[in-house]
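Presented below is the structure to which this report refers.
The values are calculated or read from the model by the stated rules, or taken from the named source; none is laboratory data. Quantities reported herein were computed from a predicted structural model and do not represent experimental measurements. So basically every Cβ, Gly included, is an ideal-geometry build from the backbone, and we count neighbours across all protein chains shown. Surface accessibility is based on the protein's heavy atoms, side chains included, excluding ligands, DNA and RNA. Shrake-Rupley method; radii C 1.70, N 1.55, O 1.52, S 1.80 Å.
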Amino acid sequence: MAEDLINSFMTGPDENGRFGIFGGRFVSETLMPLILELDACYEHAKTDPSFWAQMDDLWKHYVGRPSPLYFAERLTEHLGGAKIYLKRDELNHTGAHKINNVLGQILLAMRMGKTRIIAETGAGQHGVATATVCARFGLKCVVYMGATDVERQAPNVFRMRLLGAEVIPVTSGRGTLKDAMNDALRDWVTNVRDTFYCIGTVAGPHPYPAMVRDFQSIIGKEAREQILEREGRLPDTIIAAIGGGSNAMGLFYPFLDDKSVRIIGVEAGGHGVDDRMEHCASLTGGRPGVLHGNRTYLLQDDDGQILEGHSISAGLDYPGIGPEHAWLHDVGRAEYVSITDREALEAFQLCCVTEGIIPALEPSHALAHVVKIAPTLPADHLIIMNMCGRGDKDIFTVARHLGFDMKI
Amino acid sequence: MTRIDDTFARLRAEGKKAFVAYIMAGDPDLETSLAVMRGLPAAGVDIIELGMPFTDPMADGLTIQLAGQRALDGGQTLQKTLDMVAEFRKGDATTPVVMMGYYNPIYSRGVDRFLADAKAAGIDGLIVVDLPPEEDVELCIPAQAAGINFIRLATPTTDNKRLPKVMQNTSGFVYYVSITGITGAAAAEAADVGPEVARIKAATDLPVIVGFGITTPEAAERIAGVADGCVVGSAIVKLVGEGRPVAEVLARVAELAAGAHRA
């Protein structure tokens, strides 16, 4: 499909939840009626001004939106090329973009009369955001988290428990995000009548990918207005990191029809994208398959068994990617690259000392790609990178990789 | 008429309920699972459900998850599962074999190629958990066209408004999932299941078989008594997982089958 044959990239998904061949509703029959109910409820809420009035109020007074669009002056000088702006979603309440989406889903859950919220989490940011909003509205919250991630993201586990959530370590599989999502789905199928599944990324059965994208699109909408105000024109390049891809979809979506804007998604390259498959770059190193309710690019073996992947960043450690990214990749509207653990760690440290911002390991991947391309671009080339989370949760992981003893 | 249709015609003539047994292909290795499979008809099993191992069995409880893992660790592949059925067919031309699992390994192989191979191997039906009627064009309709029954799950959340959609394009029998939950979870009571089966039967002429949570011959008898038959899976797979000898597994299957056939 040639790009110039498509009038708009913003019309998807179709009524069956498809972005081209990707997306869909690959779930068990037990869940299907609820998925359809959620779809109807969301379609209604989308056009209900009172829903968005409540969202806007919470975004402003509870989350702290709009997040600043910040000119990273010292980083720009250091790299000596393109002019770099950071969309500061790490300044949100709870320290990442995740809460943008959680607020929307929890308001929907309450409209549907659900009293119990479940979520999966990798790095713990989505779990913390869900626990936070559940506390705010007095809802019971259960978070599934891979046992490996419970260990490497201990501060977020404690945060969730402080917020009143029950955190259930998942030991099946390799104990990461994929396994947490399996167990969340098992919980949902068992408790479908009173439980709402708050998915943290632009994946899962329709309408989740579109719904999460819509809630996260506040990032791109703000960024678009802010850059127009600051620079009087659109950016030349926008960049974001991708695990499932919600922060990236949120930044990209409002720019999809601005054909002059180059869009780059950065996947987790782990130890390098090669035959060892020690990475999480689904688009670069995977092929289409069906998992967790949607068709998308997946890391899998020749027999269609799902591979575990690897990333230093728990938030990117997922063998799939949102179906809309898979489609944008195939139609060529966005380009997808990968960054290794080592490159992300270097960018992490550079950001600390040049900008006084400790980034999360997830956006450190996006930043590492900025570090690669900015020096090759002219000074009037505008880059917006989504600083989607702060790095407080990652200091233990980074310390270990840098050989620093954190024991006091 | 498929082997599944023939089997139900025979059972009706005999005034018996169907006993369906689930085992995981390749658990814990190909030889053992083939030996169990070969012994199932003599133990009283009317229809064999053969699990296709998958890394991410989202609708299954721990027992089936671990069985799939054991099979994959033992090198089981979709090709080996197909070969296993072909091997079974050499000694049994009548017992229906229904493959049960998840869509990705089938999609990965290619739907047309899979269906041709499945038909050639002697597979009669498919139950694919993550393909609701909304995704019928993927596999359900091609399978029916290839002469393979596509067996649908109906659940307590499938309301009457939705039932016709769920029954459309289905054949062989209907698998009623007696609880909202995963395999191996707590059992439903026959008193609750009976009215639900009647509700499903009002929407279809197909036999309705009930599964999930049935672990004893007594439960098999009670549940089969209010339906056209019942399925036992986790309770059998658990014995395989404990490393029990094939003869012991089959002896327990015979007890479970006798329970269902008393109904």
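Data for the structure
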item	result
For chain A: relative contact order, % (alpha-carbon pairs under 8 angstrom, 6 or more apart)	21 percent
FRET efficiency, A:Asp301 to A:Glu335 (Cβ-Cβ, R0 30 Å, nearest 0.05)	0.70
Straight-distance crosslink candidates among lysines, where the alpha carbon sits under 19 Å from A:Lys178 and sequence neighbours closer than 8 are dropped	A:Lys98
Where the stretch A:53-156 is the region considered: accessible area per residue in Å², 1.4 Å probe	31 Å²
20 Å Cα-Cα threshold exceeded, pairs from A:Lys114/A:Lys393; A:Lys60/A:Lys87; B:Lys16/B:Lys90	A:Lys114/A:Lys393; B:Lys16/B:Lys90
Rounded D (µm²/s) - the protein assembly as shown, Kirkwood Rh over Cα pairs, Stokes-Einstein at 20 °C, 1.002 mPa s	83 µm²/s
Neighbourhood net charge (10 Å Cβ-Cβ; Lys/Arg +1, Asp/Glu -1) for B:Ser178	-3
Label point distance in nm, A:Asp14-B:Lys161, each placed 7 Å from Cα along Cα→Cβ	2.5 nm
Approximate spin-label separation B:Asp6-B:Ala120, in nm, with each point projected 7 Å along Cα-to-Cβ	2.2 nm
Loss of accessible area when A meets B, both sides summed, Å² nearest 100, probe 1.4 Å	2900 Å²
Dipole moment magnitude, nearest 20 debye, the stretch A:156-220 about Cα centre, only Lys, Arg, Asp, Glu C-beta charged	140 debye
Magnitude of the charge dipole, chain B, Cβ model with Lys/Arg +1 and Asp/Glu -1, debye to 20	440 debye
Whole-Å semi-axes of the stretch A:12-97's equivalent ellipsoid (Cα gyration tensor)	37, 21, 12
Average projected area [Cα convex hull, the stretch A:29-155], square nanometres	11.0 nm²
Rounded accessible area per residue of the stretch B:20-59, 1.4 Å, Å²	22 Å²
Lys/Arg +1, Asp/Glu -1 at C-beta; chain A dipole; positive extreme among A:Leu162, A:Met181, A:Phe26	A:Leu162
Nearest-20 debye value, chain A charge dipole, Cβ charges on Lys, Arg, Asp, Glu	1000 debye
Average silhouette area of the stretch A:202-251, convex hull of alpha-carbon atoms, in square nanometres	3.4 nm²
Per-residue HN-Hα couplings for the stretch A:82-87 [Karplus 6.51, -1.76, 1.60; θ = phi - 60°; Hz; x = Gly/Pro]	4, 8, 9, 10, 10, 7
For A:Leu402, solvent-accessible area (1.4 Å; no DNA, RNA or ligand), Å²	90 Å²
Label-point separation in nm, B:Ala202 to A:Lys259, each point 7 Å along Cα→Cβ	5.7 nm
Computed P(r) (all Cα pairs; the stretch A:175-312; 5 Å bins; percent)	2, 9, 15, 19, 18, 14, 11, 7, 3, 1, 0
Tensor-based shape of the stretch B:60-153 (alpha-carbon gyration tensor, a/c under 1.5 rounded, otherwise prolate or oblate)	oblate
Residue-by-residue Karplus 3J(HN,Hα) for the stretch B:55-60, coefficients 6.51, -1.76, 1.60, Hz, glycine and proline x	5, 10, x, 5, 9, 10
Environment charge of B:Gly74, counting only residues whose C-beta is closer than 13 Å and scoring Lys/Arg +1, Asp/Glu -1	-2
Cβ-defined net charge surrounding B:Met1, 13 Å radius [Lys, Arg +1; Asp, Glu -1]	-1
Burial of 10 Å² or greater, the stretch B:131-153 residues [accessible area, probe 1.4 Å, versus chain by itself]	B:Pro132, B:Glu134, B:Glu135, B:Glu138, B:Leu153
Of all DSSP beta bridges in the protein assembly as shown, antiparallel share, percent nearest 5	20 percent
Efficiency of FRET from Cβ geometry, A:Glu229 and B:Ala251, R₀ 56 Å, rounded to 0.05	0.10
Relative contact order computed over the stretch B:179-252 (Cα-Cα under 8 Å; 6+ residues apart), in percent	30 percent
Farthest positive-ward along the stretch B:48-124 dipole, Cα basis, beta-carbon charges - from B:Gly75, B:Leu62, B:Gly51	B:Gly75
Förster radius 41 Å - calculated FRET efficiency between B:Val111 and A:Lys46, Cβ distance, rounded to 0.05	0.75
Cβ neighbours within 10 Å from other chains - mean over B:63-76	1
Among B:Gly101, B:Val137, B:Val193 - extreme Cα towards positive end, dipole of the stretch B:94-200, charges at beta-carbon	B:Val137
With every protein chain in place, chain A: carbon and sulfur % of accessible area (1.4 Å)	53 percent
Stretch gain in nm, segment B:Gln79-B:Gln168, where the contour uses 0.36 nm per residue and the Cα spacing is subtracted	29.0 nm
Value of D in µm² per second that Stokes-Einstein yields for chain B, Kirkwood Rh from Cα pairs, at 10 °C (1.306 mPa s)	88 µm²/s
